[in-house]
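The values are calculated or read from the model by the stated rules, or taken from the named source; none is laboratory data. Worth saying up front: this structure is predicted, and the values here are computed from it rather than measured. Positions of Cβ are backbone-derived with ideal geometry, glycine not excepted, and every protein chain shown enters the neighbour counts. Ligands, DNA and RNA are excluded from the accessible area calculation, which covers all protein heavy atoms including side chains. Shrake-Rupley method; radii C 1.70, N 1.55, O 1.52, S 1.80 Å.
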Amino acid sequence: MKNKKLIAIIAILTVLTLSLSYINMKSVNKASDEEGMISFVSGEDSARLSFDEITGLDSKEFKAVEDTSSSGPASRKFKGVLLKDALNKISISDETIKSSSKIIVKGLDGYVIALSPNEVLADNSVYLAYEKNGKPLGNMKNGGSGPFQLIAVSDSFSQRWCKYVVEVTLE
Ligand SMILES: Nc1nc2c(c(=O)[nH]1)N[C@H]1C(S)=C(S)[C@@H](COP(=O)(O)O)O[C@H]1N2
Ligand SMILES: [Mo]
């Protein structure tokens, strides 16, 4: 009799632990997903855009020199949207961008880079890229650099080409 009770309690605890860790896993995935969701933060306001919402903006093809640890500098063809257009989409105006001191971009691995308002507002300067040479960028899990990689076209060593972008903050 005592034994049965003990077994029942262990069974209940096991089920509870498993379901709680499942719920936890789901919320972690949501917060930092590999699906291209990006959070935009400006002061008290924040908004999120999905991969489809971002790639549905006015897309541009551009060339930039990529320099990684596994390949030397090489000119590549990218497709993406201007970071500015994504910000405008969620009602962050050019004036708001201009009046911020810097724009911080964060990757899923914690890598952080900073941009100036002038760079973000320029015409062919800062992109959220999602294709390289006609192919999706992939993600951190499968060895890619996306779904979105921030590209600062002027960076000749790719040091601010933030991979796996998850958050953009105006400061
Ligand atoms: N998220 C993220 N983006 C990043 C980095 C990084 O460590 N994490 N490294 C930067 C640097 S220093 C370079 S040169 C390029 C290419 O880095 P890789 O050779 O590690 O791909 O990505 C840049 N973007
Ligand atoms: Mo680098």
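So here's what we get for this one:
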read-out	value
Per-residue SASA entry for Val15, accessible area with 1.4 Å probe, Å² rounded to 10	100 Å²
Overall dimensions of the range 82-171 as given by Cα atoms, namely Rg and Dmax in Å	12.7, 38
Rounded to whole Hz, the Karplus (6.51, -1.76, 1.60) HN-Hα couplings of the range 154-169, x for glycine and proline	7, 6, 7, 10, 6, 5, 9, 7, 5, 7, 6, 4, 10, 8, 10, 10
Two-site FRET efficiency, Thr17 against Tyr111, from Cβ-Cβ distance with R₀ of 45 Å, rounded to 0.05	0.85
The chain - Kirkwood radius from inverse mean 1/r over Cα pairs (Å)	17.6 Å
Rounded to whole Hz, the Karplus (6.51, -1.76, 1.60) HN-Hα couplings of the range 92-99, x for glycine and proline	8, 7, 4, 5, 5, 4, 4, 7
Karplus (6.51, -1.76, 1.60) ³J(HN,Hα), θ = phi - 60°, over the range 134-151, in Hz, Gly and Pro reported as x	x, 10, x, 6, x, 9, 4, 4, 9, x, x, 10, x, x, 10, 10, 6, 10
Interchain or long-range residues, amide H under 5 Å from Met37's placed H	Phe51
Acute angle (nearest 10 degrees) that the helix 2-31 long axis makes with the longest principal axis of the chain, alpha-carbon atoms	10 degrees
Cβ charges +1 (Lys, Arg) and -1 (Asp, Glu), total dipole of the chain, debye	1000 debye
Helix-only mean residue ellipticity at 222 nm for the chain, each DSSP H run of n ≥ 4 adding -39500 (n - 2.57), per residue, nearest 500	-9000 deg cm²/dmol
